[in-house]
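Encoded as structure tokens, the structure appears first; notes follow it.
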Amino acid sequence: MRWTREQYIDLMTEGSFERPMFTELFGPLIGLEDEWKAQGATDAELSLAAFDWDYVPIVSCGAMCGPRQKPSVILDETPTHRMERDYLGRTMLLDKRTATIALPQDFPVKTMDDWLKLKPLFEDGDDRINWDQLKQAKVLQQQGALVLAGIPGAFDMARELMGEEMACLAYYDQPELMQDIIDTLHHTSKHVLEAVSKHIVIDQLSVHEDLAGRSGPLVGPTQVLSYFKPYFQDIWQMLSSRGRKIFAMDTDGNVNPIIDELLDCGLTEIFPMEPAAGMDVVNLWQQYGSRLAWRGGIDKLALRQDKHAIRKELEYKLQPAMRDAGHHVFALDHRIPDGVSIENYRYYVDLGREMLGIPPRQKTTEAFHRMAF
């Protein structure tokens with residue numbers, strides 16, 4: 001079902017809603033479509049249109065806060081792999097059989113001098129606002145679309161430039177380098193969003209971080225407060241005064257040890273909340289209440305098991321207190337993994353709708369709308 005921006009904002013900020021929201025954030029992993037075809041799935045099921053997921057239409061505000069990018073140059077390609085050179089000069093390898101995102105094989109920044117060569121890609125300029133897109137966003141916002149702006153991640157961008165290991169060490173070995181990277185992101189994002197938010201209300205600010213694994217975050221409370229907070233909080237306070245309601249972070253892994261500090265930075269929402277990494281949304285709701293909104297939290301791996309396991313997971317995550325709480329969107333904690341049968345997926349969808357008091361799914365001509373934004 002299509003939700004309006006007003007309904008979605010009320011759900012995620014005030015906890016006000018007519019019924020819970022049940023959706024799919026990312027869609028299937030590569031390979032699952034072939035499995036489902038062999039099991040007799042319909043075309044509508046393969047596209048996920050048959051599952052009548054809740055969604056809110058989204059539109060970009062027209063601001064570009066991240067690095068200026070040029071198309072990658074293909075270096076080599078086979079039926080299973082592609083090697084390319086990206087806008088940062090990295091060698092990127094894509095395994096077409098298992099992934100949709102190419103992985104870097106090298107990184108361009110090791111020293112301050114390396115960073116200074118790339119810094120112009122991140123600096124402010126007159127090309128950072130698409131005014132036609134902004135005009136379109138104003139029209140679509142009036143029609144119920146959620147207006148989004150995105151800023152580069154404080155850790156995520158450093159990781160793209162240096163790799164995870166060096167980015168972690170740079171807080172200690174090269175703090176001036178790390179600070180200059182974040183200061184540049186901060187200055188550009190602040191200037192661009194100040195200009196855009198004079199013309200339109202930005203409903204949600206989004207940041208992609210992916211700063212944690214199963215064992216915990218790659219940065220600690222000290223780094224979050226010292227490096228993230230001045231950047232995030234400054235932009236949050238500016239946009240909040242102009243109507244913004246939601247500040248969402250996309251990060252996998254276990255971020256329990258730094259949730260308090262992330263909230264102190266201005267974050268209002270975290271997703272996709274992976275149970276396999278120790279993110280228990282029931283416990284988090286009991287601890288944080290309406291201070292922390294979220295999307296996801298339902299264990300995708302339960303769908304690989306039997307129907308009893310699926311029911312057990314839903315009975316826990318969709319328990320009455322959670323159904324009535326608001327400030328969250330019920331969904332799997334990431335992509336639908338391979339090994340999930342179409343029969344189990346149908347059961348998950350239909351049982352979840354029944355538990356949440358959502359009418360049985362209807363036939364629809366609408367395409368599937370990802371809710372990972």
> Can you find a residue in region 82-93 that is closer than 29 Å to Leu205 by Cα, at pLDDT 95 or above and among the β-branched types (Val, Ile, Thr)?
Replying inline: no
> Which ones in region 48-107 are at positive phi, assigned by TED's automatic domain parsing to the domain that holds Ala158 and among the small types (Gly, Ala, Ser)?
Replying inline: Gly62
> Just checking, which of Gly15, Gly31, Gly40 is in contact (Cβ under 8 Å) with a residue 12 or more places away in the chain, surrounded by 15 or more Cβ atoms within 10 Å (Cβ to Cβ) and on the phi > 0 side of the Ramachandran plot?
Replying inline: Gly15
> Taking region 44-94 as the search range and keeping residues that are in a helix (DSSP H, G or I) and not aliphatic (A, V, I, L, M), which one is farthest from the chain's Cα centre (by Cα)?
Replying inline: Glu45
> Of all residues in region 30-52, which are at pLDDT below 95 and of a type in the set (A, V, I, L, M)?
Replying inline: Ile30
>> Scan region 42-61 and tell me whether some residue there is farther than 30 Å from Leu148 by Cα and among the aromatic types (Phe, Trp, Tyr).
In response: no
> Looking at (1) closer than 26 Å to Asp156 by Cα; (2) surrounded by fewer than 18 Cβ atoms within 10 Å (Cβ to Cβ); (3) at pLDDT 95 or above; (4) out of contact with any Lys or Arg (no Cβ under 7 Å at 6 or more places or on another chain), can you tell me which one Glu77 breaks?
Replying inline: (1)
> Do we find that Ala99 is of a type outside the set (S, T, N, Q) and closer than 27 Å to Pro359 by Cα in this structure?
Replying inline: no
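Based on this model, can you work out whether Ser290 counts as of a type in the set (Ser, Thr, Tyr) and within 24 Å of the chain's Cα centre (by Cα)?
Judged against the criteria, Ser290 is a match.
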> Has region 324-341 got any residue that is more than 21 Å from Met249 (Cβ to Cβ), free of Cβ contacts under 8 Å to residues at least 12 places away in the same chain and of a type in the set (Gly, Ala, Ser)?
Replying inline: no
> So how many residues does region 2-37 have that are among the aromatic types (Phe, Trp, Tyr) and assigned to a loop (DSSP other than H, G, I, E, B)?
Replying inline: 3
> What number of residues within region 87-105 satisfy the criterion of being out of contact with any Pro (no Cβ under 9 Å at 6 or more places or on another chain), closer than 22 Å to Leu118 by Cα and surrounded by 14 or more Cβ atoms within 10 Å (Cβ to Cβ)?
Replying inline: 2
> If we keep just the residues of region 211-242 that are in contact with a Gly (Cβ under 7 Å, 6 or more places away or on another chain) and small (Gly, Ala, Ser), which is farthest from Asp260 (Cα to Cα)?
Replying inline: Gly213
> Is there a residue being in contact (Cβ under 8 Å) with a residue 24 or more places away in the chain, under 30 Å from Glu6 (Cβ atoms) and either part of a strand (DSSP E or B) or in contact with a helix residue (DSSP H, G or I) (Cβ under 8 Å, 6 or more places away or on another chain) (or both) anywhere in region 171-190?
Replying inline: yes
>> I'd like the residue in region 347-373 that is without any contact (Cβ under 8 Å) to a residue 60 or more places away in the chain and surrounded by 15 or more Cβ atoms within 10 Å (Cβ to Cβ) and, out of all such residues, is farthest from Met12 (Cα to Cα).
In response: Tyr347
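The values are calculated or read from the model by the stated rules, or taken from the named source; none is laboratory data. Bear in mind that the values here come from a model prediction, so they are computed numbers and not experimental data. When we count neighbours, we look across all protein chains shown, and the Cβ atoms used for this are built from the backbone with ideal geometry, even at glycine.
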